[in-house]
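Asker: Quick one: structure below, then a few questions.
The values are calculated or read from the model by the stated rules, or taken from the named source; none is laboratory data. All figures in this text were calculated on a predicted structure; none of them were measured in a lab. Note: ideal-geometry Cβ built from the backbone for every residue, glycine included; neighbour counts use all protein chains shown.
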Amino acid sequence: MQALKQIEIVGGGLSGLSLAIALRNRNVPVIVHEALSYPRHRVCGEFISGVSQQTLDALGIADIMEQCARHDLVSWWNGATMMGQYRLPSAAYAISRYRLDALLCDRLRAVGGVVQETNRQQFTDKEGLVWAAGRRPAKGQWLGLKMHVRGLTMSSGLEMHLGQHGYAGLARVEDGWVNLCGLFRIQSDIQGKQEELLLGYLHQCGLHVLADKIEHCEWRVGSFHATAGFQLGRQQMPTSMLGIGDSESIIPPFTGNGMSMALQAAEMGISPLEQYANHQQSWQQTLQSVHELQLRRFLRRLTFSQWMHRLILAPSLRRPLEILSTNQLLPFRFLYSVTR
Ligand SMILES: Cc1cc2nc3c(=O)[nH]c(=O)nc-3n(C[C@H](O)[C@H](O)[C@H](O)COP(=O)(O)OP(=O)(O)OC[C@H]3O[C@@H](n4cnc5c(N)ncnc54)[C@H](O)[C@@H]3O)c2cc1C
């Protein structure tokens, strides 16, 4: 019997850690290189919508996800006006990345995986290497900002606030904290440090009511985080590399589906990588099959969600959207299903 080949994963975020756990549960030797250390805050809306029990079971992380809060009601706001409340066909999970990624890292170590923290890797193609390092650096017009606050009154466990040049989502996570995360078009005239910057963007978007409420909350020390320099949609991953998660494609954040895609991509990687580790197929066949599986599964939702992203940010369409929504004429279930 030949020894199983080792799989090396660059990036210990959702896709990298969950894939590594699944492979370890199938006895495949795995090492994960992570640039930072756990626990750490990340820019993310921190609600996970559209992942199935089957995916969580295949990855071996269903029990971890049971520790999440569950929310099935989402309120959409246009500035100070609530446009409508919608019930999600299946409840979203809500948990901070601070907690979730640390739990996944602990699980991976418990099942015999190696995680090397503070170990940033060069972008390179190599047999047996999976690139799961998140958003690829690119010239982009978007800025993502996040922060945890406590003491905020919400209309439901999840809220989405549409502004003029961006949007902000609220998700009630653990210990009374609410994650506030926004995606904003970069404006060079808005300056400020950390919370000031976030408040500056909220005001600039016309989200004054939200900004005023946030100002009176308790702010979680160290939870502010920012990210910029990325593009939405399919990423320019070389065909000689096996990429999963955001390094392969980025869905607009309003969908709350990016983390589900990261988990689904990890699930799609299990069988091909297990076969590679077992000497049953070449690396070329492995990366081709994972690439094709992701393309087939994600293309429709990426296309639809990018259109919707443009529509909800178009100032001229905001009022018609509000009228449709307040009159309950938006086909919410249809829009939900095509972005998943
Ligand atoms: C503003 C905003 C809001 C969002 N809101 C939501 C939401 O509400 N719900 C949702 O489902 N999704 C949301 N997303 C998307 C979601 O965060 C991502 O889709 C998800 O984190 C992708 O997981 P990943 O494993 O691919 O990457 P990540 O989770 O980003 O993990 C990548 C890991 O790789 C590490 N890394 C990076 N470079 C290197 C290197 N060179 N060497 C070693 N390690 C490296 C990083 O430190 C990180 O730990 C949002 C995104 C943005 C920008």
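Asker: Look at the stretch 66-83 and say how many of its residues are crowded, with 20+ Cβ neighbours inside 10 Å and not in a strand (DSSP E or B).
Answerer: 1
Asker: Let me ask something additional. Mind checking which residues of the stretch 129-165 are of a type in the set (Gly, Ala, Ser), within 11 Å of the ligand (Cβ to nearest atom) and not in a strand (DSSP E or B)?
Answerer: Our first condition is that a residue be of a type in the set (Gly, Ala, Ser); within the stretch 129-165, this holds for 132-134, 138, 140, 144, 151, 155-157, 163.
Cutting the leftovers down to within 11 Å of the ligand (Cβ to nearest atom) gives us 132-134, 140, 144.
Of everything in the stretch 129-165, those that are of a type in the set (Gly, Ala, Ser), within 11 Å of the ligand (Cβ to nearest atom) and not in a strand (DSSP E or B) turn out to be Ala132, Ala133, Gly134, Gly140.
Asker: With (1) in contact with a strand residue (DSSP E or B) (Cβ under 6 Å, 6 or more places away or on another chain); (2) closer than 24 Å to Gln54 by Cα as the list, and Ile250 as the residue in question, which single condition is left unmet?
Answerer: Against the list (1) in contact with a strand residue (DSSP E or B) (Cβ under 6 Å, 6 or more places away or on another chain); (2) closer than 24 Å to Gln54 by Cα, Ile250 comes up short only on (1).
Asker: List pairs: first in the stretch 117-128 and touching a residue at least 12 places away in the same chain (Cβ under 8 Å), second in a loop (DSSP other than H, G, I, E, B) and of a type in the set (A, V, I, L, M, F, W, C), Cβ under 8 Å, 6+ apart or cross-chain?
Answerer: From residues that are touching a residue at least 12 places away in the same chain (Cβ under 8 Å), the pairs are Glu117/Leu36; Thr118/Ala35; Thr118/Leu36; Asn119/Ala35; Arg120/Ala35; Gln121/Ala35; Gln121/Ala133; Asp125/Met241.
Asker: What's the total number of residues in the stretch 35-54 that are over 17 Å from the mean Cα position of the chain (by Cα) and within 11 Å of the ligand (Cβ to nearest atom)?
Answerer: In the first step, residues of the stretch 35-54 are kept if they are over 17 Å from the mean Cα position of the chain (by Cα); the result is 35-38, 53-54.
This time we only want the ones that are within 11 Å of the ligand (Cβ to nearest atom), so: 35-38.
Total meeting the criteria: 4.
Quick grid of which residues meet (1) of a type in the set (S, T, N, Q); (2) within 21 Å of the chain's Cα centre (by Cα); (3) over 30 Å from Gln275 (Cβ atoms):
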| position | (1), (2), (3) |
| --- | --- |
| Arg136 | no, yes, no |
| Thr153 | yes, no, yes |
| Gly163 | no, yes, yes |
| Asn179 | yes, yes, yes |
| Leu197 | no, no, yes |
| Leu207 | no, no, yes |
| Ile214 | no, no, yes |
| Trp219 | no, no, yes |
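Asker: Additional query: Looking at Gly45, Gly60, Gly50, which one is surrounded by 16 or more Cβ atoms within 10 Å (Cβ to Cβ) and at pLDDT below 95? Break it down into steps so the answer makes sense when it comes.
Answerer: On the way: Gly45 fails: at pLDDT below 95; Gly60 fails: at pLDDT below 95.
The unique qualifying residue is Gly50.
Asker: Of the conditions (1) closer than 30 Å to Val209 by Cβ; (2) modelled with pLDDT of 95 or more, Ala132 fails just one. Which one is it?
Answerer: The number of the failed condition is (1).
Asker: Follow-up. Return the pairs, sorted by first residue and then second, in which the second residue is loosely packed, with under 12 Cβ neighbours inside 10 Å, the first residue lies in the stretch 298-327 and is in contact (Cβ under 8 Å) with a residue 24 or more places away in the chain, the beta carbons are less than 6 Å apart, and the residues are 6+ apart or on different chains.
Answerer: none
Asker: Within the stretch 1-44, count every residue that is under 15 Å from Asp101 (Cβ atoms), outside any strand (DSSP E or B) and not hydrophobic (A, V, I, L, M, F, W, C).
Answerer: 13
Asker: In addition: Does at least one position in the stretch 5-17 carry a residue that is under 18 Å from the mean Cα position of the chain (by Cα), within 14 Å of the ligand (Cβ to nearest atom) and at pLDDT below 95?
Answerer: Within the stretch 5-17, none of the residues are under 18 Å from the mean Cα position of the chain (by Cα), within 14 Å of the ligand (Cβ to nearest atom) and at pLDDT below 95.
Asker: Glu267: touching a helix residue (DSSP H, G or I) at 6+ places or on another chain (Cβ under 6 Å) and among the charged types (D, E, K, R), yes or no?
Answerer: Values: touching a helix residue (DSSP H, G or I) at 6+ places or on another chain (Cβ under 6 Å): yes; among the charged types (D, E, K, R): yes.
Spelling it out, Glu267 is indeed touching a helix residue (DSSP H, G or I) at 6+ places or on another chain (Cβ under 6 Å) and among the charged types (D, E, K, R).
Asker: Given His165, His208, His203, which one is more than 16 Å from Ser223 (Cβ to Cβ), surrounded by fewer than 20 Cβ atoms within 10 Å (Cβ to Cβ) and in contact with a strand residue (DSSP E or B) (Cβ under 7 Å, 6 or more places away or on another chain)? Quick ask: steps written out before the conclusion?
Answerer: Details: His208 fails: in contact with a strand residue (DSSP E or B) (Cβ under 7 Å, 6 or more places away or on another chain); His203 fails: in contact with a strand residue (DSSP E or B) (Cβ under 7 Å, 6 or more places away or on another chain).
Just a single option satisfies the conditions, and that option is His165.
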